[in-house]
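Right, one structure below, let's go through it.
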Protein chains: 2
Amino acid sequence: MPRNILFVMFDQLRWDYLSCYGHPHLHTPNIDRLAGRGVRFSRAYVQSPICGPSRMSTYTGRYVHSHGASWNGIPLKVGETTMGDHLRAVGMGCFLVGKTHMRADAEGMRRLGLDPDGIIGARVAECGFDVFERDDGMVAVGPDGPLEDPEAHLYSQYLRERGYAGDNPWHDHANSGVDAAGNVLSGWFMRNAAEAANIEEADSETPYLTRRAIAFIEQAEAPWLCHLSYIKPHWPYIVPAPYHAMYGPETIKPVVRTQDEFDTAHPVLKAFMTSPVGRAFSRDEVREAVIPAYMGLIKQCDDQIGVLLDWLEQTGRMNDTMIVLTSDHGDFLGDHWMGEKTFFHDTSVKVPLIVYDPSPEADATRGTVCDELVESIDLLPTFLEIAGGDPGSLRHVIEGRSLMPLVRGTASEPHRDQVICEYDFAATPIAERLGLGVREAMIFMVADKRYKLIHCEGGFRPLLFDLENDPDELRDLGGSEDHGPVIAAMYERLFAWTRRVSQRTTRSEAQLKEMRTAIRRRGVVLGAYDENDLPLDLTVHYRGRTAAIRKPAG
Amino acid sequence: MPRNILFVMFDQLRWDYLSCYGHPHLHTPNIDRLAGRGVRFSRAYVQSPICGPSRMSTYTGRYVHSHGASWNGIPLKVGETTMGDHLRAVGMGCFLVGKTHMRADAEGMRRLGLDPDGIIGARVAECGFDVFERDDGMVAVGPDGPLEDPEAHLYSQYLRERGYAGDNPWHDHANSGVDAAGNVLSGWFMRNAAEAANIEEADSETPYLTRRAIAFIEQAEAPWLCHLSYIKPHWPYIVPAPYHAMYGPETIKPVVRTQDEFDTAHPVLKAFMTSPVGRAFSRDEVREAVIPAYMGLIKQCDDQIGVLLDWLEQTGRMNDTMIVLTSDHGDFLGDHWMGEKTFFHDTSVKVPLIVYDPSPEADATRGTVCDELVESIDLLPTFLEIAGGDPGSLRHVIEGRSLMPLVRGTASEPHRDQVICEYDFAATPIAERLGLGVREAMIFMVADKRYKLIHCEGGFRPLLFDLENDPDELRDLGGSEDHGPVIAAMYERLFAWTRRVSQRTTRSEAQLKEMRTAIRRRGVVLGAYDENDLPLDLTVHYRGRTAAIRKPAG
């Protein structure tokens, strides 16, 4: 077994924007190198197409409907068990370098008297991680003030120390260009995406976090899991030189969309297409500005993976460290008339996933591609198995399944027969536009290798895509009578999933089985008319007893 | 508004074993008196037909599938908010006198560092109550030892102080008879049910708990909720004189069962019918022994309610105290070839519910019967409204709905269009007999006023009862092709219920609505190609900025 785990997550890295996943122009030799030494998964799905809930599922091993942190800024409730809880229980530390998008359940912590500065409280507030450096990469400021306290942002402090001036160097330097007169060309405005970020490349966020991960590993005591959680290639779409100039409109993959798809779109899908983001990414000038920058950001990420892998080789860590590389969701980039990620096309919900296991047991699978359906909730049990735990004994809490049989080629059955994804848009303006209440603005996806069904709350018909005959998901068959039986069958699956046991987390399956006989053996003997109705040993304490005779008073 | 709430729960009190609910022989004038001054609900359903999960739903206002404590002895997980949390938040104390069947989540408390002896930890361990006296009424002992620590049982200490000798006075005196030679006739053996319990009536459990409730109220500082949670008429079926001799076989209601019902029973139902308890209660001698004792226990409960009501009158508490009287589930008593309560016939899942509100606003409904479908999860929001809280603002946590519009006759729409009940029998031998795993031994009920559908996991067909044409639920229509559309419609309801948002408890509905615009106003401005794509105020911090120009090194 590897001793340590390096769990690399990119943010908003679309599955097909790596050369090992087939991108024709974006060469990512370092990530490809990792894929060549590990298993590359071709059907890895996240549990929600947005940062917060996707990550909360990854970090808890539970579906969004189970943990409830269903949108960014909805706290993971106190009491949910996390990757850190599970790994520490079997002796592996669990550390964070980068982003989690965790919002602490401050109200719940107050209710339970948890001190956020104590070790338990800090872990609860940080989604179970011990924080080496937290960086959610978003020093946004609006008319109502900053999104987060900018003073607490270590990377901003680093930038100041490096001489980047101003009240918001994250914005003015790391995420904006500059013109010859010194005017900041904000990365928030996508027309500036082709500019070089006004920062030395080595000071930008991706190399910075790589160095922080190395600094962590240098001082870490094994066994450890290091969650190196990069901020990029997530927007703002802007990248420092030389990456800003590596790609141009000629290297952009053709947009995947049809007029018919737009004209006939299901009303919920249409609402996403016609949101401000959807409308923006439907414009060619936006795609042509953004995508080269997005590719440059990924190229930089790949180079940093190269730096990291070289360092791991030199220090011997490649021999004792499992490396997992994935993303929290994709990016529509104008495909299907949408930007961002908040719908269920593979563009958004399928992610790259590469697992490198240094053990000899994994030699047979090196460089192979695994076509099994897997989910991001499968990562936690995988890690737990590496750490020496038994994920099978935690099925009452962890809903994922370890990937180790796939990683080592020992699986004898399909890993999953379906994947589930959920999106809660109650806290978005789209709910308002559709006239949906906060309990109805909810969509569910269930997919196997052939079909993808999307259920929308609020009384709409479903959407259906035939992934085999329409891999680009351009023809919604949700209204097709011919597909009635398929739709019914997919709904049956969704129904079975919604009925699953997900909250009975305080008793293990083994304990439940023990309970089948335990209470009788503690004297709760039901249905006995007389002694002979039960095995005699069960009633030993109720037979042959004597007592003084009490008479009722009066 | 009333200042205080007296929340009386009986254990295993079947809905139709009170004269106000139509029992022909069992006269319960004191409970009837309360009904005459309040609203009596004719369709009140519990959320699970067994103590623990039913109570956890009542105490959290949430369905079993939401809180997860789905069988006796499965701890309510740390972090779930309780009646006590909600009431104390608006200034009302929440106290326990009697039973809860709560099992503390010791593992979760340890994980969060909660000290069970601290005030927060004690409340978490006691399901949110401040304990005046906890008494789960079960000093059972078997070959593997006692069910609970008998030394911690205050009522046993009381019995010892009153001169009841032996190592288990709860068993030997309060719950057993005695013959002339001093041999204990254990109440665990149902053939002894007709004996008088070997205890002075005033020392038995029901009068004892009544006195403890009075002692609580005498010293309580308003506003308070007192959960007076009686142990009876739950088994052991045995009662002290004179109640042991008040009823005989001639006062037993005819058994409700048919041979056809047994012969054609759905396999899951059949497994319950043929369990040791089902087989026992299918014997006439068992029914004839048990039911008179059960009626005697209820008669004693009614007399104690009389004592309590008289005392509340004398002390003025009837004028400022809401009184709610209900049960946690019923008892088959041989009906439908079953004993105990663990299935979904009304016999088991419908409970008596009487709500007395002293306010003038409730004068119009005094002595009336409310036929609306209500659930036990509706009690918590009712209490919260009395305490001055706003249950509507807690819909993200509390799944019930306040009964106050029904209690005061102001409701303008049906309270509910369905009721849900769940039973998890994974921890019982019946799961084993049916060959079901711990994730499949699960049944769900959805019912309206007309139909009751029962879904069984594990690949079985459903059960269906027509409550209008077959109020005794003797004819299972689950296999009837004619009822296909009804079954499909009821399944749609169950599916919608299983998809409901139940875990998004850390953000209120109002907060979610605020979030629809909040992040833009904190500077997260998506989809802007240039400044003009958005209202200018949103990007004020990203425009008109200047910065020093940095060149890449080298």
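Side notes on the structure shown:
- Residues being touching a helix residue (DSSP H, G or I) at 6+ places or on another chain (Cβ under 6 Å), within 14 Å of chain B (Cβ to nearest Cβ) and more than 23 Å from A:S66 (Cα to Cα) - total across the range A:474-514: 0
- Enumeration of residues in the range B:108-124 that are over 17 Å from B:M56 (Cβ atoms) and either more than 23 Å from the chain's Cα centre (by Cα) or at the interface with chain A (Cβ under 9 Å from one of its Cβ atoms) (or both): B:R110, B:R111, B:L112, B:G113, B:L114, B:D115, B:P116, B:D117, B:G118, B:I119, B:I120, B:G121
- If you check A:P249, A:P292, A:P276 for being closer than 20 Å to A:G187 by Cβ, within 14 Å of chain B (Cβ to nearest Cβ) and not β-branched (V, I, T), only one passes: A:P276.
- Test: residue in the range A:229-243 that is of a type outside the set (S, T, N, Q), over 25 Å from the mean Cα position of the chain (by Cα) and open to solvent by 30 Å² or more (accessible area, probe 1.4 Å): yes
- Annotation: A:L308 fulfils all but one of (1) in contact with a Gly (Cβ under 6 Å, 6 or more places away or on another chain); (2) open to solvent by less than 10 Å² (accessible area, probe 1.4 Å); the unmet one is (1).
Yes or no, residue by residue, for (1) closer than 17 Å to A:W170 by Cβ; (2) more than 14 Å from chain B (Cβ to nearest Cβ):
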position: A:G187; (1), (2): yes, no
position: A:N192; (1), (2): yes, no
position: A:E200; (1), (2): yes, no
position: A:Q219; (1), (2): no, yes
position: A:Y243; (1), (2): no, no
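Residue-by-condition table, conditions (1) in a loop (DSSP other than H, G, I, E, B); (2) without any contact (Cβ under 8 Å) to a residue 12 or more places away in the chain; (3) buried (at least 20 other Cβ atoms within 10 Å of the Cβ); (4) in contact with a Ser or Thr (Cβ under 7 Å, 6 or more places away or on another chain):
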site	(1), (2), (3), (4)
B:H483	no, no, no, no
B:V486	no, no, no, no
B:A489	no, yes, no, no
B:R504	yes, no, yes, yes
B:K513	no, yes, no, no
B:L526	yes, yes, no, no
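- Candidate set from the range A:356-391 (those that are open to solvent by 30 Å² or more (accessible area, probe 1.4 Å) and assigned to a helix (DSSP H, G or I)); member that is nearest to A:R504 (Cα to Cα): A:E385
- All told, A:D346 meets the bar of being of a type outside the set (F, W, Y), in contact with a Pro (Cβ under 9 Å, 6 or more places away or on another chain), open to solvent by 10 Å² or more (accessible area, probe 1.4 Å) and more than 21 Å from A:S229 (Cα to Cα).
- Residue match in the range A:51-60 (condition: outside any helix (DSSP H, G or I) and either surrounded by fewer than 24 Cβ atoms within 10 Å (Cβ to Cβ) or hydroxyl-bearing (S, T, Y) (or both)): no
- Subset of the range B:445-459 that is within 13 Å of chain A (Cβ to nearest Cβ) and surrounded by fewer than 22 Cβ atoms within 10 Å (Cβ to Cβ) - its residue that is farthest from the chain's Cα centre (by Cα): B:G459
- Test: B:D303 is of a type in the set (D, E) and outside any helix (DSSP H, G or I): no
- Residues in the range B:392-447 that are among the polar types (S, T, N, Q) and not in a helix (DSSP H, G or I): B:S402, B:T410, B:S412, B:Q418, B:T428.
- None of B:H65, B:H101 is within 14 Å of chain A (Cβ to nearest Cβ), open to solvent by 10 Å² or more (accessible area, probe 1.4 Å), within 12 Å of the chain's Cα centre (by Cα) and touching a residue at least 40 places away in the same chain (Cβ under 8 Å) except B:H101.
- Among residues of the range B:151-167 being within 12 Å of chain A (Cβ to nearest Cβ) and buried (at least 18 other Cβ atoms within 10 Å of the Cβ), the one that is farthest from A:L112 (Cα to Cα) is B:Y164.
- One residue stands out in the range A:202-217 among those that are within 14 Å of chain B (Cβ to nearest Cβ) and closer than 13 Å to A:C301 by Cα: the one that is surrounded by the most Cβ atoms within 10 Å (Cβ to Cβ), namely A:S204.
- Residue match in the range B:515-522 (condition: closer than 26 Å to A:H67 by Cα, out of contact with any helix residue (DSSP H, G or I) (no Cβ under 6 Å at 6 or more places or on another chain), open to solvent by 20 Å² or more (accessible area, probe 1.4 Å) and assigned to a loop (DSSP other than H, G, I, E, B)): yes
The values are calculated or read from the model by the stated rules, or taken from the named source; none is laboratory data. Note that the coordinates shown come from a computational prediction; the quantities given were computed from them, not determined experimentally. Ideal geometry is used to build each Cβ from the backbone, glycine not excepted, and the neighbour counts take in all protein chains shown. For accessibility, only protein heavy atoms count, side chains too; no ligands or nucleic acids. Shrake-Rupley method; radii C 1.70, N 1.55, O 1.52, S 1.80 Å.
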